[in-house]
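Some notes on the structure that comes next.
The values are calculated or read from the model by the stated rules, or taken from the named source; none is laboratory data. All of these numbers come straight from a predicted model, not from anything done at the bench. Positions of Cβ are backbone-derived with ideal geometry, glycine not excepted, and every protein chain shown enters the neighbour counts. Side chains included, ligands, DNA and RNA excluded: accessible areas come from the protein's heavy atoms. Shrake-Rupley method; radii C 1.70, N 1.55, O 1.52, S 1.80 Å.
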Amino acid sequence: MSDPLARLRRATLRREEAGLRRRLRPRGPDFDGLIDLASNDYLGLSRDPRLVEGAVRAVREWGTGSTGSRLVTGTTELHEELDRRLAAFTGTPAGLVFSSGFLANLGAVTALAGPGTLVVSDQVNHASIVDACRLSRARVVISPHRDVAAVEEALARREEEHALVVTDAVFSVDGDLAPLRELHAAARRHGALLVVDEAHALGVVGEYGQGAAHAAGLAGEPDVVLTLTLSKSLASQGGAVLGAPEVIETLVDVGRSFIFDTGLAPAAAGAALAALDVLAAEPELPARARRQARRIRDMAAGLGLATTPGSPDAAVVPVVLGDPHAAVRAADICFEHGARVGCFRPPSVPPGRACLRLTARASLTEAELTVLEGALQKVRAETGP
């Protein structure tokens, strides 16, 4: 009989030869003395004493786990408070917290779509949206990146009665912003819901970090549904769907990734609530994160590295190397020079778009930026323009 693992070894070898292997790289609590330019801790709150205390206080009062799904025993007063606070912060009528942002996207798209529905999804949407579209059993049209005309055409030509337009607010690798006003206008003209994933926008985009939909003037619109994660700017864990009461009621009734999943742990809920308190007390944090992203972008561009044209829309700054081997080598160079950066290769990005992904933090210091500049100078010298 054939070895059932042989095909896995062959596939692993092919990925190794193509420079596409992924490896876990454990770190210590202080990032091993490296500068963190890889995480999504955009506001620098993951070690903030106020968030730590919020998590500890929640554990002391509610225990270590939520004990069940939210429909059974997993909804505490803490969860309900977080539902309300997230909705109020983003200007939406109602909210529902999930145990991850991935599950929030799965729940929203699969519950709101289905047979007899068209879903129009941006070409570079996050994997959680891609998987949600696949599971929705709806007909899915993949639109070219940020192409409102293509979205409008798909909606106009549909035969289905219902439709969803789904997009990231800030795209996770290139860091560019979706044209939300235009997408909403197209969706409204054709009676479609607009679903916006605010994962990389919450806490960064807008004057007070209330997200891209709020900044675009779409907060509270009945045909706009927001999804988000608590694991980035809010430095916790979990996700949420925000929108009209009818949307939240539907998710409670039929959202499988909500119904059949254990509720968010109390510690995560407590930390996220504390993060919202910090944002209220320090409203300058979002602007500070965006300012540091601009400095990183200008630094990379000044060295002749391919990066975002113009100012970044949020906290993500790509440095495009093209070849996956070059991207891996560039990430290693940064590591050797004291900076931990993200490294994205196919299939996470299209062929030819392998890149470093640098993430700004509101708490970045001048000394840390100087270390990054030295690392990027070495990358430029070794990999070329």
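Annotations for the structure displayed:
- GLY68 being more than 26 Å from ASP36 (Cβ to Cβ) and touching a helix residue (DSSP H, G or I) at 6+ places or on another chain (Cβ under 7 Å): no
- Any hit, the stretch 228-242, residues being among the small types (Gly, Ala, Ser), part of a strand (DSSP E or B) and either in contact with a Phe, Trp or Tyr (Cβ under 7 Å, 6 or more places away or on another chain) or surrounded by 20 or more Cβ atoms within 10 Å (Cβ to Cβ) (or both): yes
- Residue-level check: of (1) open to solvent by 20 Å² or more (accessible area, probe 1.4 Å); (2) farther than 30 Å from VAL130 by Cα; (3) in a helix (DSSP H, G or I), ARG290 misses just (2).
- When the stretch 336-362 is filtered for residues that are more than 15 Å from VAL316 (Cα to Cα) and either among the β-branched types (Val, Ile, Thr) or open to solvent by 40 Å² or more (accessible area, probe 1.4 Å) (or both), the ones remaining, listed by number, are GLU336, HIS337, PRO347, SER348, PRO350, PRO351, GLY352, ARG353.
- Wholly enclosed strands (runs of 3 or more DSSP E) of the stretch 104-215 bearing at least 2 residues more than 19 Å from the chain's Cα centre (by Cα): 117-122, 139-143, 162-168
- Residue, nearest to VAL205 (Cα to Cα), within the stretch 104-120, restricted to residues that are in contact with a helix residue (DSSP H, G or I) (Cβ under 6 Å, 6 or more places away or on another chain) and buried (at least 24 other Cβ atoms within 10 Å of the Cβ): ASN105
- Restricting the first member to the stretch 108-126 and to residues that are farther than 19 Å from ASP253 by Cα, and the second to residues that are of a type in the set (D, E, K, R) and assigned to a strand (DSSP E or B), the beta-carbon pairs closer than 6 Å and six or more apart or on different chains are LEU118/ARG139; ASN125/ASP168; HIS126/ASP168.
- Check on ARG329, of a type in the set (Lys, Arg) and touching a Pro at 6+ places or on another chain (Cβ under 6 Å): no
- Of the candidates GLY175, GLY203, the single residue that is out of contact with any Leu (no Cβ under 7 Å at 6 or more places or on another chain) and buried (at least 23 other Cβ atoms within 10 Å of the Cβ) is GLY175.
- Among the residues of the stretch 372-382, those identified as open to solvent by 50 Å² or more (accessible area, probe 1.4 Å) and either of a type outside the set (Lys, Arg) or touching a Ser or Thr at 6+ places or on another chain (Cβ under 8 Å) (or both) are GLU373, GLN377, ALA381, GLU382.
- Residue count for the stretch 1-57 satisfying the condition of being in a loop (DSSP other than H, G, I, E, B), under 19 Å from GLY338 (Cβ atoms), open to solvent by less than 50 Å² (accessible area, probe 1.4 Å) and touching a residue at least 24 places away in the same chain (Cβ under 8 Å): 5.
- Residue count for the stretch 147-172, restricted to those that are in contact with a strand residue (DSSP E or B) (Cβ under 9 Å, 6 or more places away or on another chain), crowded, with 20+ Cβ neighbours inside 10 Å and of a type in the set (D, E, K, R): 1
- Taking first residues from the stretch 279-298 that are of a type outside the set (D, E, K, R) and partners that are open to solvent by less than 80 Å² (accessible area, probe 1.4 Å) and modelled with pLDDT under 95, the Cβ contacts under 7 Å between residues at least 6 apart in sequence or on separate chains come to ALA293/PRO312.
- Selection status of HIS184, in contact with a strand residue (DSSP E or B) (Cβ under 6 Å, 6 or more places away or on another chain) and on the phi < 0 side of the Ramachandran plot: yes
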